[in-house]
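Everything below concerns the one structure shown next.
Every number in this text was worked out from the coordinates using simple rules, so none of it is lab data. Source: prediction; values computed, not measured. With ideal geometry, Cβ positions are generated from the backbone for all residues, glycine too; neighbour counts draw on all protein chains shown.
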Amino acid sequence: MSPRNMPGPGPMNRGGVGDGKKSRNPGKTLKRLMSYMTAGYKAKWIFVLIFILLSALAGVIGSLFLQVLIDDYITPLLGSAAPDFSGLLRAILIMAGVYLIGIVSTFLYNWIMVTVSQGVQKNIRDEMFSNMQRLPIRYFDTHTFGDTMSHYTNDIDTLRQMLSQSIPSLFSSMITIVFVVCAMLYTSPCLQCLLR
């Protein structure tokens, strides 16, 4: 076996973790990554943000509606001799509709993000392959096959997972926190005075 074909200390021999190199300029790297995400996907990103807003808003409204459901519909029925459940049924249907909107919105933004991440993954791999064809032969003599393939498989797949899962979850968590704080201030004016 020739030296160039022998397994070296590439990422494939370390469980595909990567070569451990960190970006010298994370801001520039993130900006370049965002350029891949927005190129040709601006409309889809707008829909993703809208659906994330709807999903977070539905969760908060559903939680607030529990108080209305108990105080205005369930509690009065407990002391009634001839309870009328029509109002309670209507309120439960409204609550189910709110949660259904949240479920559908979550499904839609996840589905769109899968499409976007797959497209970005393809664009990055095409650009990498085009760049690899222009590399000198010396590059392939000094880099193992596993090292090169790891960039195309493990690294790009990790990037796809970040795009399809981590970034939407980050946006969703941030928006949910904002809505929850607003709901807390709306529910308790005293809390609002304390925060001031």
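The figures follow:
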quantity	calculated
Ranked list, fewest to most other Cβ atoms within 10 Å of each Cβ, for Ser117, Ser86, Ser63	Ser86, Ser63, Ser117
Relative contact order of the chain, pairs being alpha-carbon contacts under 8 Å that are 6 or more residues apart, as %	36
Computed [θ] at 222 nm, deg cm²/dmol, the chain (DSSP H ≥ 4; -39,500 (n - 2.57); rounded to nearest 500)	-23000 deg cm²/dmol
Of the DSSP H helices in the chain, those whose Cα atoms cover at least 15 Å axially and whose Kyte score averages 0.0 or more	42-68, 86-132, 167-187
Max mean-square fluctuation residue, GNM over the chain, Cα-Cα springs under 10 Å, options Ile137, Ile156, Ile101	Ile137
Rg and Dmax [Cα atoms of the chain; Å; Rg one decimal, Dmax integer]	25.9, 92
Shape of segment 14-118, Cα gyration tensor, a/c cut at 1.5	prolate
